[in-house]
Amino acid sequence: VQLVESGGGLVQAGGSLRLSCAASGRTFNNYGKGWFRQAPGKEREFVAAINWNGGSIYYADSVKGRFTISRDNAKNTVYLQMNSLKPEDTAVYYCAVSRDYGAWTADYEYEDWGQGTQVTVSS
């Protein structure tokens, strides 16, 4: 099982990035997926989650209205569209697959994790 994130990079404040997380090894279509992030010196925090069919979606308050999570089960991929980026969004972003079909905000609900992709937002 492998989750590979891509799409991170350096962007100016106010800009946009789209993160992708492609899964290989097995199909995750019946599982919830989430995005988390960890800034230097801080604990990992929840960003967004989507259940198996996209019917339930949750966002952290800090990203609500700016970030959008989506999934393409045909491609076994989950996305995070990030708009109006702020310097405080700078972090390593991780995708994860949950233990079941639900969308969860707690990281202990997730059992498979990607290696992370760096997002840096300059002011």
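The values are calculated or read from the model by the stated rules, or taken from the named source; none is laboratory data. Remember, predicted model here, so these are calculated numbers, not experimental data. No Cβ is skipped: glycine too gets one built from the backbone with ideal geometry, and neighbour counts run over all protein chains shown. Note: areas computed on protein heavy atoms with side chains; ligands, DNA, RNA excluded. Shrake-Rupley method; radii C 1.70, N 1.55, O 1.52, S 1.80 Å.
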Taking the criterion of being among the aliphatic types (A, V, I, L, M), within 18 Å of Gln118 (Cβ to Cβ) and either under 11 Å from the mean Cα position of the chain (by Cα) or surrounded by fewer than 21 Cβ atoms within 10 Å (Cβ to Cβ) (or both), would at least one residue in the stretch 50-73 satisfy it?
no
Selection within the stretch 7-41 - closer than 18 Å to Asn83 by Cα and at pLDDT below 95
none
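Would you be able to tell me the number of residues in the stretch 102-123 that are surrounded by fewer than 14 Cβ atoms within 10 Å (Cβ to Cβ) and either assigned to a loop (DSSP other than H, G, I, E, B) or of a type outside the set (Phe, Trp, Tyr) (or both)? First the steps, then the outcome.
Step one: of the stretch 102-123, the residues surrounded by fewer than 14 Cβ atoms within 10 Å (Cβ to Cβ) are 106, 108, 111, 115, 118, 122-123.
Of the ones still in play, those that are also either assigned to a loop (DSSP other than H, G, I, E, B) or of a type outside the set (Phe, Trp, Tyr) (or both) are 106, 111, 115, 118, 122-123.
Count: 6.
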Neighbours by Cβ (under 7 Å, 6+ apart or cross-chain): first from the stretch 62-85, part of a loop (DSSP other than H, G, I, E, B); second among the β-branched types (Val, Ile, Thr) and open to solvent by less than 60 Å² (accessible area, probe 1.4 Å)
Val63/Val47; Leu85/Val11; Leu85/Val121
If you scan the stretch 95-108, which residues turn out to be without any contact (Cβ under 8 Å) to a residue 12 or more places away in the chain and either in contact with a strand residue (DSSP E or B) (Cβ under 9 Å, 6 or more places away or on another chain) or polar (S, T, N, Q) (or both)?
none
Confirm whether Arg18 is under 11 Å from the mean Cα position of the chain (by Cα) and either under 14 Å from Asp89 (Cα atoms) or not in a strand (DSSP E or B) (or both).
yes
Restricting to the stretch 24-49, count the residues that are under 14 Å from Trp113 (Cβ atoms) and open to solvent by less than 20 Å² (accessible area, probe 1.4 Å).
9
The condition from (1) without any contact (Cβ under 8 Å) to a residue 60 or more places away in the chain; (2) touching a Cys at 6+ places or on another chain (Cβ under 8 Å) that Pro40 misses is numbered (2)
